[in-house]
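Below is one structure, written out as structure tokens, with a few remarks after it.
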Amino acid sequence: MPHPSITAQTYPHKPAIIMGESGEIVTYAQLDERSNQGAQLLRKLGVQKGEHIAMMMENNRYFLEICWAAQRAGIIFTPISTHLQKEETAYILENCAARVFIGSYQLKEVACGLKEHGVDLAGWLMVGGVCEGFESWEEAVDAQPAEPIADQGNGVAMLYSSGTTGKPKGVFVPPHSDDVLAEFPLAQSLGAAFGFSEETVYLSPAPLYHAAPLHYNFMNLYLGGTSVVMEKFDPEQALHLIEEHRVSHSQWVPIMFIRMLKLPQDVRQKYDVSSMRVAIHAAAPCPVEVKEQMINWWGEVIYEYYAASEGIGVTIIDSANWLTHKGSVGPALLGQVHILDDEGTELPAGEIGTVYFSGPQATFEYHGEPDKTAEAYNERGWATTGDVGYLDQDGFLYLTDRKNFMIISGGVNIYPQEVENLLITHDKVADVAVFGIPNEEFGEEVKAVVEPQNWADATDEVAFELLEWLRERLSHIKVPRSLDFHERLPRMDNGKLYKKHLVEQYRNEAEQKDSDRQ
């Protein structure tokens with residue numbers, strides 16, 4: 001049965017973790033020793049099985065070391081987004097009842113502010129340096145014995161939402177076994193589907209506090225593979241790391257594909273990416289043209305899945321099936337997909353409605369008030385994340401947008417995702433958000449906000465050029481009535497675009513104009 005402690009006995013000098021920019025290597029022997037010492041330290045601090053710790057840090061060598069220490073101690077660990085502020089972070093510490101907090105010196109403003117906020121914990125530790133009131137994680141771990149603790153268990157992660165739509169929400173899936181060597185849940189499902197094994201070299205370009213990077217790195221290390229962890233995503237460095245380490249597996253979000261595709265042609269062509277066997281993407285819609293270009297560049301190694309943190313269902317599609325079902329996220333791997341109208345009636349193939357999953361549901365519990373827009377059950381017990389889409393005759397699912405993003409203009413339903421997916425392919429566009437704002441005549445009108453590749457292009461002339469370019473490719477009712485430029489759009493490093501604040505800003509401005517006219 002695999003586990004880093006077993007791999008350490010067989011291949012002690014094998015790299016478990018390689019940091020992308022620094023090149024720092026953590027062998028399996030070192031990961032085994034440090035996770036044992038970390039488990040010893042957590043017990044010394046009084047953290048017992050089933051209790052919680054929280055951590056807030058950028059991608060570094062200590063991140064996964066701490067997670068494995070908690071796993072071996074049967075402790076629930078909560079990595080916190082590095083984008084959250086003091087109040088949001090304090091809320092999570094209190095909500096999950098964390099006994100210990102481990103922060104990063106790079107994020108000391110938030111970490112040190114937590115003590116001032118009055119959060120009472122058994123231990124305050126920090127990596128990469130210390131500020132007042134914190135103990136060095138490195139020094140504290142060095143002082144511990146390297147033997148396994150007597151009461152090892154099977155600790156698991158409990159992750160929180162980003163908090164961009166209200167207070168952060170924790171989703172906890174209890175471990176299926178208390179055995180420290182218990183099989184990692186993904187290993188026999190997505191791990192088997194994607195061919196993860198001890199031979200895997202996995203490139204992880206996203207922040208480890210997100211669900212997919214954390215779970216896939218955990219699965220890879222559980223199975224004995226090597227994880228190449230980027231401190232921060234950079235498109236050219238990602239290609240360099242694929243070539244340097246002969247990466248076989250990787251996981252991305254579509255905006256990363258877009259950033260790599262927009263590199264100069266000579267830069268893209270100078271790196272050998274032929275070692276890649278499986279390049280997984282998820283978390284956000286991928287424009288058809290972008291995916292076509294990636295398959296043409298990397299070959300039929302692109303895989304996509306659609307899922308939710310609560311485990312309410314999963315679809316999966318490989319490149320070969322995608323090429324015959326372009327735009328699809330695939331058929332169901334877990335559960336069964338249903339498309340329902342607003343009255344709850346199931347719709348036939350080809351008709352757009354809300355996406356629901358039925359079938360076996362994961363056992364989970366919320367910490368904090370559930371966000372009803374992110375998860376809901378109907379009277380049949382079917383679950384939805386609020387996405388809108390349709391099934392084709394082959395049972396392949398196509399997503400058109402989030403239900404609450406849909407624009408209704410003059411009685412016509414317009415899905416912003418379609419406009420965004422097209423506009424992002426323009427050479428002058430780095431990112432784009434499309435949403436509805438009030439219109440006295442039509443109810444709503446389509447608004448576009450663009451982050452240009454070069455700020456020098458943020459002109460009225462380029463705005464007109466982009467709108468004309470859209471008119472040549474879209475029905476005119478879908479074309480934005482106006483287009484503005486912003487230097488940076490609210491896209492988080494999990495690949496998701498958070499439009500809430502943009503929408504509120506523009507709708508408030510429109511309402512103010514209406515008020516001024518009256």
Note to self, the chain gives a 222 nm [θ] from helices alone (DSSP H runs n ≥ 4, -39500 (n - 2.57) apiece, / all residues, nearest 500) of -9000 deg cm²/dmol
Semi-axis lengths (Å, descending) of the ellipsoid that matches the C-alpha gyration tensor of the range 387-518: 23, 20, 15
At 0.36 nm per residue, minus the direct Cα-Cα distance, what do S189 and A349 gain on full extension? Give it in nm, one decimal, please. 54.9 nm
For the cross-link pairs K86/K270; K232/K478; K270/K447; K44/K169; K270/K326; K262/K447, which exceed 32 Å when the distance is taken from alpha carbon to alpha carbon? K86/K270; K232/K478; K270/K447
H240 and Q48 label points (each 7 Å along its Cα→Cβ direction) are spaced in nm at 5.0
Considering only the chain, percent of DSSP beta bridges that pair antiparallel, nearest 5: 55
Spelling out what I want: for every residue of the range 347-356, take phi, set θ = phi - 60°, compute 6.51 cos²θ - 1.76 cosθ + 1.60 (Karplus), and round to whole Hz; glycine and proline get x. 9, x, 4, x, 9, 8, x, 7, 7, 10
Additional length obtainable on full extension of the chain from L323 to E198, 0.36 nm per residue less Cα span: 42.0 nm
Testing the spin-label approximation: label points 7 Å from Cα along Cα→Cβ at V267 and N413. State their distance in nm. 4.0
Proxy reagent accessibility, fewest Cβ within 10 Å first, across E468, E441: E441, E468
Identify the GluC sites (Glu not before Pro) of the range 105-136 meeting these criteria: DSSP loop state and at most 13 other C-beta atoms within 10 Å of the C-beta. E132
Among V180, Q9, P168, flag the residue with its Cα farthest along the positive direction of the charge dipole of the range 4-227, charges on Cβ as +1 for Lys/Arg and -1 for Asp/Glu. P168
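Quick note: the coordinates plus some simple rules give every number you see, no bench work behind them. Just so it is clear, the model here is predicted, and its values are computed rather than measured. Using ideal geometry, Cβ is built from the backbone for each residue, glycine included, and neighbour counts are taken over all protein chains shown.
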